[in-house]
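Below is one structure, written out as structure tokens, with a few remarks after it.
The values are calculated or read from the model by the stated rules, or taken from the named source; none is laboratory data. Worth saying up front: this structure is predicted, and the values here are computed from it rather than measured. Here the Cβ positions follow ideal geometry from the backbone for every residue, glycine too, while neighbour counts run over all protein chains shown.
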Amino acid sequence: MRIGIDDTDSPAGMCTTYLGAVLIHRLKEAGISVTGQRLIRLNPNVIYKTRGNAAICIEAKGDTDAAFRIAAACIDELAEFDEEKTNPGLVVAETRLPVSFYLQAVTGFCTTEEAEAVCRAAGARVRKWKNGRGIIGATAACAAEQDDMTSEILAYRDPNDKGERTVDRESLFRAEEETFPHTWDTVDTANDCIVCFPHTPDPVIFGIRGESPEWVKKARSYVKSQEPVIEIIYRTNQGTDAHLLEGDIASLVDGCSYRLTGVVADTPETGRGGHVSFLITDPSGVVRCMAYEPTKGFRDIIRALAPGDEITICGSYKNGSINLEKLHVISCAEIIRQRPPLCPSCGKRMKSDGVNKGWKCRRCKTRAEEPEIIHEPRTVSPGWYEVPPSARRHLAKPLCRDVPPE
């Protein structure tokens, strides 16, 4: 069976992955064999998400009725019911749910009615709390299938502990140094900050992401922190670009994320707050791209773009613009500038002699018909560029895993 749970947390506390870790322990105590656990991130632009839009799926063998009962009791006990946006959902399925529902949930939008229809067709058990929106993520987590999966090890404190986390900063940098690129986003070395723990009062002490259980366990061995009450390793779709759709500008849908290719249409500009924007065009239309202030040095790459550059961009389309996650500079346009020529006699810069009248040296009276042509050097070159770890979304595939498709 697959046990899917979603929407049990809130900005005030709890974490669905922690609830999953507790549930796994209780299932085993009840004699139910747990064969795997997965953390599934869904469309990051869904407005109803409680925090990171993650659902969990526990794969198990045993008494399905007992598993459903234990899971429901766990949600009753631990979910953040006082939070308006927290609306838990539970799905227990003995048959495989259609992967198409997962794909819809990670790249677009689903309704509770659609989730219920999928579960009903498969004969899955369902329970909703409050408005029950969590069954969307629970159903998607049960339905999730993809070849590319990563791992995350999560260490938890007591959920009643709302104080400051105790994690040795240098040990996190050491973990990154010893295991990168097999693990990533533990720290942001360029911006000298920690990435691997949240800033909300939830049970997570830290989480380390990597390509396999072995690598995240190795990274975890370097970390010094307060004593966790429980730890778990999830298989996950994080860092896989599962949310990206191939598209063109005319097909963009608000709230979806895309990979598309086009040509830079204007000179990037820095606006209020340090946000950098430019226009990109393809045969179907024009759209604005944004690199916001939290992307830090990535904005310097954007500022170095020029009209005529051919690029591929990845990011989410929201409110009429694409919020950039990474980009591929395919080719750089040549930037040509003209200026008045130098006088061959005295070496002074000539002055314009009028519209379409060429140039003239005011001292020597020497004339020239053609301007001096300047080929400006480019400060950006073909290749892939990405936002720093501190600005990266859970689903975005870091370049350290491998270079994305051309």
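Data for the structure
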quantity	calculated
Any hit, region 361-380, residues being within 22 Å of the chain's Cα centre (by Cα) and surrounded by 15 or more Cβ atoms within 10 Å (Cβ to Cβ)	no
Unmet criterion (only one of (1) out of contact with any Phe, Trp or Tyr (no Cβ under 7 Å at 6 or more places or on another chain); (2) not assigned by TED's automatic domain parsing to the domain that holds C361) for L342	(2)
Region 72-94: number of residues that are closer than 26 Å to M149 by Cα and more than 29 Å from the chain's Cα centre (by Cα)	1
Selection from region 253-287 of residues that are farther than 27 Å from P389 by Cβ, in contact (Cβ under 8 Å) with a residue 40 or more places away in the chain and aliphatic (A, V, I, L, M)	V253, V263, A265
Tally of residues being of a type in the set (D, E, K, R), surrounded by fewer than 17 Cβ atoms within 10 Å (Cβ to Cβ) and assigned to a loop (DSSP other than H, G, I, E, B) across region 192-238	3
Tally, over region 88-113, of residues that are farther than 27 Å from M14 by Cα and not β-branched (V, I, T)	5
Qualifying residue in region 219-229 (condition: touching a helix residue (DSSP H, G or I) at 6+ places or on another chain (Cβ under 8 Å) and either under 23 Å from L327 (Cβ atoms) or modelled with pLDDT under 95 (or both))	no
Residue that is surrounded by the most Cβ atoms within 10 Å (Cβ to Cβ), among those in region 295-351 that are polar (S, T, N, Q) and touching a residue at least 24 places away in the same chain (Cβ under 8 Å)	T295
Subset of region 97-107 that is among the aliphatic types (A, V, I, L, M) and touching a residue at least 12 places away in the same chain (Cβ under 8 Å) - its residue that is surrounded by the most Cβ atoms within 10 Å (Cβ to Cβ)	A105
Residue list for region 157-191, filter: charged (D, E, K, R), in a helix (DSSP H, G or I) and touching a strand residue (DSSP E or B) at 6+ places or on another chain (Cβ under 7 Å)	R169, E176
Some residue of region 388-398 being surrounded by 14 or more Cβ atoms within 10 Å (Cβ to Cβ) and over 20 Å from the mean Cα position of the chain (by Cα)	no
Output for region 110-156, where each listed residue is in contact with a strand residue (DSSP E or B) (Cβ under 9 Å, 6 or more places away or on another chain), surrounded by fewer than 22 Cβ atoms within 10 Å (Cβ to Cβ) and of a type outside the set (A, V, I, L, M, F, W, C)	T112, E116, R120, G123, R125, R127, K128, G132
Selection status of E94, more than 13 Å from A55 (Cβ to Cβ) and crowded, with 17+ Cβ neighbours inside 10 Å	no
Residues of region 65-82 satisfying the condition of being of a type outside the set (A, V, I, L, M, F, W, C) and buried (at least 17 other Cβ atoms within 10 Å of the Cβ)	E80
Number of the condition not met by W184 [criteria: (1) aromatic (F, W, Y); (2) under 19 Å from R393 (Cβ atoms); (3) free of Cβ contacts under 8 Å to residues at least 24 places away in the same chain]	(3)
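Per-residue answers, yes or no, for (1) of a type outside the set (A, V, I, L, M, F, W, C); (2) in contact with a helix residue (DSSP H, G or I) (Cβ under 7 Å, 6 or more places away or on another chain); (3) at pLDDT 95 or above:
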{"residue": "G134", "(1), (2), (3)": "yes, no, yes"}
{"residue": "A141", "(1), (2), (3)": "no, no, yes"}
{"residue": "E170", "(1), (2), (3)": "yes, no, yes"}
{"residue": "H199", "(1), (2), (3)": "yes, no, no"}
{"residue": "W215", "(1), (2), (3)": "no, yes, yes"}
